[in-house]
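Bear in mind these aren't lab numbers, they're just calculated from the coordinates by the rules spelled out. What you see is a predicted model, and the numbers here were worked out from it, not measured in a lab. Using ideal geometry, Cβ is built from the backbone for each residue, glycine included, and neighbour counts are taken over all protein chains shown.
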Amino acid sequence: MKYVEIIASAGSSDTVLAIAKKAKALDLRLGVVGEDGMQQMRMLVGDNTVQLALDTLQNVLGAQPTARIVVLSVEASVPKPAEEKNKKDDSATTAREVLYEAVEKGARLDWNFAMLVVLSTMVAAIGLIENNTAVVIGAMVIAPLLGPNLALSFGTALGDATLMRKSAQTLFVGIMLAVTLSAVFGVLWPSALTSHELMSRTHASLDSILLALASGAAATLSLTTGLSEALVGVMVAVALLPPAATLGIMLGGGNPTLAMSAGLLLAINVVCVNLASKIVFFLKGIHPRTWLEKEKAKRAMLRYVLGWLITLVVLLLLMYARGS
């Protein structure tokens, strides 16, 4: 459930009441009217209808420049409503506006992101070279490259060019930073670069494609349904960082052939994660609010899905060509 707080003109109270009934709000409270004529209103809405309430409120209150809508999370509600007690389906999609706030953070190219990439790359590089599986898993849990990938897919679903450009830039910088730093490890590390963990990231196969597709879909599902606990497990499975670190290590160690194989695996993972997450966003009904924006988003989604599919086919051909 969500508490939707509305600050709008007092004359909008009847309209808000009608919207609350349409969205089957469990409760509606009207606050006092301020000296500026604005009134605070709160409605308690179930997860299945919160998007309907938000879209309708924005359509109605959009002409009021001082109106504001705030979505508040509800940790618990006692007693539990009858419909909540009988509800068996826990697949309600998180509201688009709430998702945007969460996803946009992963697309930010800032000092925190750079430090996470640096630290996770150091952990991954050491774990790969020393054949320490636990250390490699630790680097995957940090997973700083997952955020920009999900943001890129989400931006495509909304037709948000700004978010797409921002997330693509963040993803590119993150990968370049990881490859460059790990290349330094490849140059300076005194022992041989032949560990099993390292070599396993220089071979792309059908199972790696299926893993990346499943991981991208699972990451998006956990995001859209609010199951944040599941996201950590998904991050481990996606494993975007170890192939990037392997690419850099092999380049630094003077082995361009294995570096190309690691780069191929990394490219396959990125493509599959984005392709799967785009499909899940579409199936979950994540789209813009207005009709015009929806049409633009559909065209953008078609172009990007087609682009990722073509890229995946090219990568598959490269994979089989290198294996033959």
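By the beta-carbon count within 10 Å of each Cβ, the least crowded to most crowded order of Leu28, Leu240, fewest first, is Leu28, Leu240. Mind checking which of Ser77, Ser13, Ser153 has the largest fluctuation in a GNM of the chain, springs on alpha carbons under 10 Å? Looking only at Ser77, Ser13, Ser153, the biggest GNM fluctuation is shown by Ser77. Among Tyr304, Tyr3, the order by Cβ neighbours within 10 angstrom, fewest to most, reads Tyr3, Tyr304. Between Thr225 and Thr94, the built amide H atoms are under 5 Å apart, and every one of these is 5 or more places off in sequence or on another chain. As a length-normalised measure over Cα pairs under 8 Å and 6 or more apart, the relative contact order of the chain settles at 18 percent. Here the Karplus relation 6.51 cos²θ - 1.76 cosθ + 1.60, evaluated at θ = phi - 60°, turns the backbone of segment 185-196 into coupling constants of 4, x, 6, 8, 5, x, 8, 5, 9, 9, 5, 5 Hz, with x for every Gly and Pro. In this structure, the amide hydrogen of Asp27, modeled 1.01 Å from its nitrogen in the peptide plane, lies closer than 5 angstrom to those of Leu44, counting only residues at least 5 positions away or on a different chain. From the phi of every residue in segment 19-27, what ³J(HN,Hα) in whole Hz does the Karplus formula 6.51 cos²θ - 1.76 cosθ + 1.60 yield, where θ is phi - 60° and glycine or proline is x? Calculated HN-Hα couplings, in order: 5, 4, 5, 5, 8, 6, 4, 7, 6 Hz. Return the tail of the calculated pair distribution for the chain, meaning the percent of Cα-Cα pairs more than 24 Å apart. Beyond 24 Å sits 60 percent of the P(r) for the chain.
From largest to smallest, what semi-axes in whole angstrom does segment 2-86 give when each is the square root of 5 times an eigenvalue of its alpha carbon gyration tensor?
The equivalent ellipsoid of segment 2-86 has semi-axes of 23, 13, 11 Å.
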